[in-house]
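The values are calculated or read from the model by the stated rules, or taken from the named source; none is laboratory data. Remember, predicted model here, so these are calculated numbers, not experimental data. Glycine gets a Cβ as well: all are built from the backbone with ideal geometry, and neighbour counts include every protein chain shown. When the accessible area is computed, the model is the full protein with side chains, heavy atoms only, and any ligands, DNA or RNA have been set aside. Shrake-Rupley method; radii C 1.70, N 1.55, O 1.52, S 1.80 Å.
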Amino acid sequence: MTFLCGAIFVQAKQPAIPRDAGIEAKVEKTLSKMTLDEKIGQMLELNFDIMGGYDATGTWKLNETMLDTLISKWKVGSILNAPGTRAVTVAQWQEWIQLIQKKSMKYIGIPDIYGLDQNHGVTYTQAGTLFPQPINLGASFNTELARTGAEITAYESRASNCPWVFNPVVDLGRDPRWPRIYESFGEDAVVNSKMVVAEIKGYQGDDPNHIDQYHVGTSTKHYFAYGAPWSGKDRTPAYLNPQIIREKYFEPFKQAALAGTLTMMVNSASVNGVPLHASYEYLTKWLKEDLQWDGFLVTDWADINNLFTRERVAKDKKDAVRIAVNAGIDMSMDPYSVDFCILLKELVNEGKVKMSRIDDAVRRILRAKYRLGLFDKPNTGGKGYQKFGSAEFAAKALKSAEESIVLLKNEGNLLPLISKSSQKILLTGPNANQMRCLNGGWSYTWQGSKAEDLSEQYNTIYEALCNKYGKENIILEQGVTYNEDGNYYEEHAPQIDKAVAAAAQADIIIACIGENSYTETPGNLSDLWLSENQRNLVKALAKTGKPIILVLNEGRPRLIADIEPLAKAVVDILIPGNYGGDALANLLAGDANFSAKMPFTYPREINSLNTYDYKVSEEVGTMAGAYNYDAKVSLQWPFGYGLSYTTYEYSNLQVDKSQFTANDVLTVTVNVKNTGARAGKEAVLLYSSDLVASVVPDNKRLRDFTKIELNPGQTKTVTFRLPAKNLAFVGADGRWTLEEGDFILKVGNQTVPVVCTQTKVWDEPNI
């Protein structure tokens with residue numbers, strides 16, 4: 001059996017989506033009838049919170065008069081968010097958004113576009129389906145899981161009458177200090193590129209010009225290099241060389257544009273001293289002109305304000321609006337004020353923002369609303385959405401969780417722990433018995449906190465293990481617990497002695513350690529080590545002599561080099577969602593098999609925060625002489641590493657061309673055999689290495705991947721089609737270059753040499 005995999009490559013000279021002539025005619029007709037006030041109103045997005053407040057019972061109530069004023073007077077075209085950033089019911093969303101649409105059509109004749117952060121399922125709708133976080137999907141190396149999860153999220157969002165989601169996230173997670181690592185698919189550009197294309201198809205359906213009532217528009221974010229802050233802190237500047245920007249950080253957004261993402265959200269921070277919200281080069285030239293992308297750009301939260309309050313590239317808000325709109329911003333997420341409308345109108349009247357720029361922005365916004373079918377059907381939901389929160393969707397979320405949990409260590413085949421065994425298990429650690437840490441941020445609330453009441457129907461790790469092994473065989477003594485009334489990292493005074501005492505009654509110890517939920521700036525940290533309390537807990541338990549299984553439940557890799565050697569087995573569940581406890585129990589018991597691999601490089605020490613595709617000159621041996629210089633790459637676990645209950649053998653790696661030029665496509669084949677006793681899935685990863693180049697080459701680069709399923713003894717042939725131009729790099733002159741010389745292709749433990757016989761340099765920015 002042969003499996004064919006195509007590396008991502010699209011010639012970027014045609015519009016991202018062939019436009020529908022009928023839609024374009026409707027856009028122009030609508031635009032021609034609009035006043036300047038109506039046009040500017042379409043460019044403003046407000047937070048729903050300002051349209052109501054809390055009554056004496058603590059219930060949020062909509063102020064219909066305020067809503068009426070904002071739409072009738074200010075012509076506001078978009079609203080976002082859940083009140084108090086807490087999930088509400090489908091019925092409540094139906095009531096609110098229907099009212100918004102009624103007033104929008106009455107006063108403007110143009111529907112509102114309502115947006116929600118549905119990051120890993122329906123974040124802000126109660127009783128919907130929450131999937132594993134995106135970092136787990138990256139670990140699965142299974143694009144089908146990404147597509148299916150997005151499709152279900154779209155369906156349940158539309159059941160809630162919400163047509164627009166602020167997702168997917170493709171900020172490369174290459175710095176483990178950054179608090180939003182888990183919202184991306186990991187550190188690699190190809191993984192993020194293939195996953196974002198799959199998710200866009202799942203969210204938007206097969207025809208981005210005609211998105212039906214079961215699909216939603218996407219807002220791919222955060223364009224771009226948001227995940228590369230120099231300080232590691234959220235919303236702080238990135239300093240990157242032009243080569244890595246073009247080759248890696250821009251690439252997933254390029255693929256999103258070519259796949260037809262309806263909108264994009266812009267990076268809150270700056271790159272090389274230039275705020276993205278102020279960059280005509282990045283917003284207009286790279287994206288709208290070079291790629292001919294015709295969606296619209298929306299700011300992140302109040303980010304135009306930041307151009308003068310934080311970035312200091314504008315003297316005041318009016319100046320900031322001028323800079324951002326002229327750079328290419330089409331919609332301002334200005335959550336608490338209509339000042340944007342007032343100031344932008346002044347700028348147009350003063351000739352500082354051209355009417356053509358306003359028309360371009362509004363044309364893009366109208367195009368998105370027509371593509372979503374909102375003019376014909378402003379509301380969705382009600383009948384026809386019976387699958388909302390269904391057992392069918394739950395089963396798919398469970399499968400995603402099982403395929404996204406990574407087995408990192410299994411000395412002496414300690415795992416699986418057969419479920420019929422009567423051995424006693426001590427379950428300990430702060431992540432053992434709460435749902436918040438399994439779901440992470442963007443789960444019913446912004447920070448994922450104070451929402452346990454909305455996830456009571458799901459199983460914590462403790463509850464799942466009780467169901468699997470019998471409650472009588474599980475001893476729960478956590479030793480360390482989180483302070484739910486404090487910051488995400490705060491813990492109660494440890495009670496390690498209680499856990500050590502309980503270990504005397506146990507045959508084996510499962511220590512569930514990691515992080516509580518967080519996102520964005522509240523998730524910043526100053527120390528990448530796992531908390532001292534948790535590490536001390538593991539060290540104390542190790543002295544009992546009982547075998548320890550470490551279960552890591554964390555949104556980024558926290559350092560554990562001092563306790564990893566004390567464990568016989570290590571499982572990284574990342575942030576697996578509502579069904580993560582059940583998935584872990586199935587995997588520990590051997591009722592499911594591990595198949596995930598690390599989506600990022602797990603560091604061993606704070607001064608070795610490398611990625612797998614580091615430059616070859618970053619690793620050198622000790623230099624003899626007056627100085628000893630040692631710069632070895634040190635890591636805990638590499639990108640792409642993961643164990644299974646079965647074993648796989650790679651053989652017969654072949655390429656159809658030993659010599660090639662830029663116009664060739666290399667067909668690479670490899671045989672993969674399941675040599676163990678269990679059925680399993682294997683992520684097959686194709687890497688390349690450029691042995692000599694005019695700029696220092698990367699150690700290796702992932703070029704493509706796929707996932708296959710194999711029964712014991714079964715062999716399958718995997719085929720990759722790799723365009724030779726994908727082996728090009730951005731040279732010192734900023735141009736894409738493929739140089740003659742030697743390359744190595746690698747899959748598993750197999751390598752094959754190939755030779756480029758002719759150098760080619762491209763003048764165009766996208767190849």
| Between residues in segment 707-735 that are closer than 14 Å to V695 by Cβ and touching a residue at least 60 places away in the same chain (Cβ under 8 Å) and residues that are open to solvent by less than 20 Å² (accessible area, probe 1.4 Å) and not in a helix (DSSP H, G or I), which pairs lie under 7 Å by C-beta distance while being six or more apart or on different chains? | A728/T737; A728/L738; A728/I767; F729/T737; G731/T737
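Where in segment 379-473 are there helices (runs of 4 or more DSSP H), lying wholly inside it, with at least 2 residues that are over 24 Å from L550 (Cα atoms)? Before you say what the answer is, go through the steps one by one.
Numbers: elements: 391-402, 436-439, 461-469.
Fully inside segment 379-473 and qualifying: 391-402.
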| task | Find the residue count for segment 73-114, including only residues that are more than 21 Å from T299 (Cβ to Cβ), touching a residue at least 60 places away in the same chain (Cβ under 8 Å) and of a type in the set (V, I, T). | result | 3
| request: Count, please, the residues in segment 507-534 that happen to be over 29 Å from D117 (Cβ atoms), open to solvent by less than 20 Å² (accessible area, probe 1.4 Å) and either at pLDDT below 95 or in a strand (DSSP E or B) (or both). | output: 4
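Residues T69, T57, T30: which one is in a loop (DSSP other than H, G, I, E, B) and open to solvent by 10 Å² or more (accessible area, probe 1.4 Å)?
Being in a loop (DSSP other than H, G, I, E, B) and open to solvent by 10 Å² or more (accessible area, probe 1.4 Å) holds for just one of T69, T57, T30, which is T57.
Looking at A540, A501, A493, which is the one that is closer than 25 Å to N410 by Cβ, among the hydrophobic types (A, V, I, L, M, F, W, C) and either open to solvent by 60 Å² or more (accessible area, probe 1.4 Å) or modelled with pLDDT of 95 or more (or both)? It would help to see each step written out before you state the result.
Numbers: A501 fails: closer than 25 Å to N410 by Cβ; A493 fails: closer than 25 Å to N410 by Cβ.
Result of the check over A540, A501, A493: A540.
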| task | Please give the strands (runs of 3 or more DSSP E) falling wholly within segment 667-758 in which 2 or more residues are surrounded by fewer than 18 Cβ atoms within 10 Å (Cβ to Cβ). | result | 715-723, 741-747, 750-756
| message | Among the residues in segment 286-294, are any in a helix (DSSP H, G or I) and closer than 20 Å to W230 by Cα? | response | no
| task | For residues that are β-branched (V, I, T) and in a strand (DSSP E or B), tally how many sit in segment 114-130. | result | 1
| query | Considering only residues of segment 115-125 that are farther than 20 Å from T299 by Cα and not small (G, A, S), which is surrounded by the most Cβ atoms within 10 Å (Cβ to Cβ)? | reply | H120
| field | Pair list, Cβ under 6 Å, 6 or more apart: segment 212-223 residue surrounded by 24 or more Cβ atoms within 10 Å (Cβ to Cβ), other residue in a loop (DSSP other than H, G, I, E, B) and among the aliphatic types (A, V, I, L, M) | value | G217/L262; G217/L372; T218/L262
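For D112, state whether it is open to solvent by less than 10 Å² (accessible area, probe 1.4 Å) and within 28 Å of the chain's Cα centre (by Cα). Working first, answer last.
Numbers: open to solvent by less than 10 Å² (accessible area, probe 1.4 Å): yes; within 28 Å of the chain's Cα centre (by Cα): yes.
So D112 fits the description; yes.
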| task | Please name all residue pairs, on different chains or six or more residues apart, with Cβ atoms under 9 Å, provided the first residue is in segment 451-476 and is farther than 16 Å from N553 by Cβ and in contact (Cβ under 8 Å) with a residue 40 or more places away in the chain and the second residue is among the aromatic types (F, W, Y) and open to solvent by 30 Å² or more (accessible area, probe 1.4 Å). | result | I474/Y462
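One residue is enough: does segment 587-610 have a residue meeting the conditions in a helix (DSSP H, G or I) and at pLDDT 95 or above?
Restricting attention to segment 587-610, the residues satisfying the condition of being in a helix (DSSP H, G or I) are 587-588.
Among the residues that remain, those that are also at pLDDT 95 or above are: 587-588.
Yes, because at least one residue in segment 587-610 is in a helix (DSSP H, G or I) and at pLDDT 95 or above.
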